[in-house]
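Each reported figure results from applying straightforward, stated rules to the coordinates on display, with no laboratory input. Worth saying up front: this structure is predicted, and the values here are computed from it rather than measured. No Cβ is skipped: glycine too gets one built from the backbone with ideal geometry, and neighbour counts run over all protein chains shown.
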Amino acid sequence: DAGITQSPRHKVTETGTPVTLRCHQTENHRYMYWYRQDPGHGLRLIHYSYGVKDTDKGEVSDGYSVSRSKTEDFLLTLESATSSQTSVYFCAISGGLAGPDTQYFGPGTRLTVL
Amino acid sequence: QKEVEQDPGPLSVPEGAIVSLNCTYSNSAFQYFMWYRQYSRKGPELLMYTYSSGNKEDGRFTAQVDKSSKYISLFIRDSQPSDSATYLCAMRENTGANSKLTFGKGITLSVRP
């Protein structure tokens with residue numbers, strides 16, 4: 001998975017609790033992304049980062065925030081989890097020798113909000 | 001109409017068959033086209049990346065783009081059980097990390113031994 005790890009890999013939480021997912025890369029790629037994957041919707045971009053402390057919203061950013069204080073780490077926070085945020089979350093990176101267009105995905109985090 | 005439509009599947013074929021996977025799109029600004037393969041409970045991995053209309057071949061895989069018809073295809077020759085996975089098409093308007101990648105919903109392929 002191109003030097004990308006995600007933690008935790010599985011999480012079950014309750015509605016209203018905060019949740020933070022971590023993406024860690026060892027490739028020193030500049031760009032990092034968070035997607036969610038749901039049946040019937042495919043992959044949808046939540047937020048992305050184009051450098052340390054530089055982030056922007058994707059198409060489904062409501063209810064999510066992100067932070068990137070180091071090149072290697074990109075955190076996704078659900079401030080107050082809801083059942084609609086039950087999903088599989090994927091981190092992706094790009095910007096290495098293959099250029100900014102080639103995105104490499106991590107193994108995913110399966111989140112269940114009860 | 002969604003920006004990217006992909007045959008819903010699932011698709012089941014015998015080993016050795018030729019498989020054709022297709023996506024249509026409505027946004028004529030899309031210029032870059034990709035196919036990702038995703039094994040069960042894994043992240044997607046890039047399989048093919050094309051820019052212009054025409055065919056691009058890589059081993060048993062051929063990606064075809066027809067911009068005039070807004071149609072892309074992935075052909076798999078001599079399909080193997082190891083090809084069993086979900087295939088997602090993806091496309092973008094421009095190069096660069098800030099250009100959003102739009103995905104199809106994916107189609108699940110099963111190759112029977």
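Okay, here's what the table says:
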read-out	value
Given (1) over 21 Å from B:Cys89 (Cβ atoms); (2) touching a Gly at 6+ places or on another chain (Cβ under 6 Å); (3) crowded, with 19+ Cβ neighbours inside 10 Å, number of the condition A:Ala81 does not satisfy	(2)
Subset of segment B:1-24 [free of Cβ contacts under 8 Å to residues at least 60 places away in the same chain and among the β-branched types (Val, Ile, Thr)]	B:Thr24
Count of residues meeting criterion [aromatic (Phe, Trp, Tyr), part of a loop (DSSP other than H, G, I, E, B) and touching a residue at least 24 places away in the same chain (Cβ under 8 Å)] in segment B:30-52	2
Residues within segment A:21-58 that are within 12 Å of another protein chain (Cβ to nearest Cβ), part of a loop (DSSP other than H, G, I, E, B) and not basic (Lys, Arg), tallied	5
Qualifying residue in segment B:62-69 (condition: charged (D, E, K, R), within 12 Å of the chain's Cα centre (by Cα) and surrounded by fewer than 19 Cβ atoms within 10 Å (Cβ to Cβ))	no
Single unsatisfied condition, B:Asn27 versus (1) in contact (Cβ under 8 Å) with a residue 60 or more places away in the chain; (2) touching a Leu at 6+ places or on another chain (Cβ under 6 Å)	(2)
Answer residue from segment A:1-20, given it is more than 14 Å from the chain's Cα centre (by Cα) and within 14 Å of chain B (Cβ to nearest Cβ) and is farthest from B:Asp7 (Cα to Cα) among those	A:Gly3
Any hit, segment B:21-42, residues being over 29 Å from A:Tyr89 (Cα atoms) and surrounded by 12 or more Cβ atoms within 10 Å (Cβ to Cβ)	no
